[in-house]
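The values are calculated or read from the model by the stated rules, or taken from the named source; none is laboratory data. Keep in mind that this is a model prediction, so the values were computed, not measured. Cβ coordinates were reconstructed from backbone atoms using ideal geometry, including for glycine residues, and neighbour counts include every protein chain displayed. In case anyone asks, the SASA skips ligands and DNA or RNA and just uses the protein heavy atoms, side chains included. Shrake-Rupley method; radii C 1.70, N 1.55, O 1.52, S 1.80 Å.
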Amino acid sequence: MRIVFIGAGRLAYSLAPALREAGHDIMQVYSRTLASAQSLATMVEAQPINDIRDVKGGADVYLFAVTDSSLPLLAQQLGTSLGQYEHQDACVFLHTAGSIDMSVFHTCTAHYGVIYPMQTFSKERRVYLSEVPFFIEGNDDHAVRVSQTIAESVTGKVYALSSQARKHLHLAAVFACNFANHCYQLSAEILANYQIPFSVMLPLIDETAAKVHKLSPAQAQTGPAIRYDQGVMQAHLQMLGESPFQARIYELMSQSIHHSHENSLQND
């Protein structure tokens, strides 16, 4: 398929090369800054542009990999710009956001949908997508077929999911990924006070992640909060006396762990 990327951020740095390697033609890469567009366009042999009015007609897919806040305006601008071209009736607008309804496109084009790869992305580290789950949606059969074709060209894990369900999936991912990573940061800050390298935590982090491949998160839970060891917990809170945010997080997380454990016992 002929694809134009709208956005050259972290997700695009993994998705665009994967689509190129799968045989798709990446025609153009748009970004607000030409340097960002050029960097990604070079990787996928595309034309870099930094003016949305320079996006060409004739693509099969216009794939938006941009921030949630910029998506509505860019979609409207592109829909207006492409209106000058003939033969645009079959093109599909797709976005990659976890928390935005596909209806963001409903006044922009006839066919639209979502292709959401649920993974964490960084420009510094390319993610290979063959094992990443993709969640797709379309406003009609044509949009569904196109989104499914694109997703299946890079991964074997493709699932149809409504916008409402995808928003809850995204919420769950924030807990599992973003919040967990922030806990790593808090851990690193505590260690740095005593010149202990964060690398000592990596075997623990790896085993914690590995366990939930075999056990449920509830079964894998350990630590003082699950048994509500108040002596240990109070000692930890005293150590955090000069870090009220960290202390509050520790209290809330400990309470949540203990309540979850108590509820699981009652349901057994």
Practice prompt. Could you please let me know if Met233 is over 22 Å from Thr120 (Cβ atoms), open to solvent by less than 70 Å² (accessible area, probe 1.4 Å) and touching a helix residue (DSSP H, G or I) at 6+ places or on another chain (Cβ under 8 Å)?
Written response: yes
Response to the item:
Note on the range 15-47: residues crowded, with 22+ Cβ neighbours inside 10 Å and among the polar types (S, T, N, Q) are Ser31
Fill in: His170 under 21 Å from the mean Cα position of the chain (by Cα) and open to solvent by 90 Å² or more (accessible area, probe 1.4 Å)
no
Worksheet item: If you take the residues in the range 98-114 that are among the small types (Gly, Ala, Ser) and touching a residue at least 40 places away in the same chain (Cβ under 8 Å), which one is least open to solvent (accessible area, probe 1.4 Å)?
Response: Gly98
Worksheet, complete the sentence: Being of a type in the set (A, V, I, L, M), free of Cβ contacts under 8 Å to residues at least 24 places away in the same chain and over 20 Å from Leu169 (Cα atoms) narrows Leu78, Leu63, Leu82, Leu73 down to just Leu73
Discussion item. Which count do you get for residues in the range 115-143 that are open to solvent by less than 70 Å² (accessible area, probe 1.4 Å), without any contact (Cβ under 8 Å) to a residue 40 or more places away in the chain and within 18 Å of Asn178 (Cα to Cα)?
Written reply: 2
Worksheet entry | Members of the range 49-69 that are buried (at least 21 other Cβ atoms within 10 Å of the Cβ) and not aliphatic (A, V, I, L, M) | Tyr62, Phe64
Discussion item. Residue pairs, Cβ under 6 Å, 6 or more apart or interchain, first in the range 25-36 and touching a residue at least 12 places away in the same chain (Cβ under 8 Å), second of a type in the set (Phe, Trp, Tyr) and surrounded by 15 or more Cβ atoms within 10 Å (Cβ to Cβ). List them.
Written reply: Val29/Phe5
Practice prompt. State whether one or more residues within the range 76-93 are of a type in the set (Val, Ile, Thr), within 22 Å of Arg10 (Cβ to Cβ) and open to solvent by 30 Å² or more (accessible area, probe 1.4 Å).
Written response: no
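Which ones in the range 1-14 are part of a strand (DSSP E or B) and either open to solvent by 10 Å² or more (accessible area, probe 1.4 Å) or among the aromatic types (Phe, Trp, Tyr) (or both)?
Listed by number, the residues that qualify are Arg2, Phe5.
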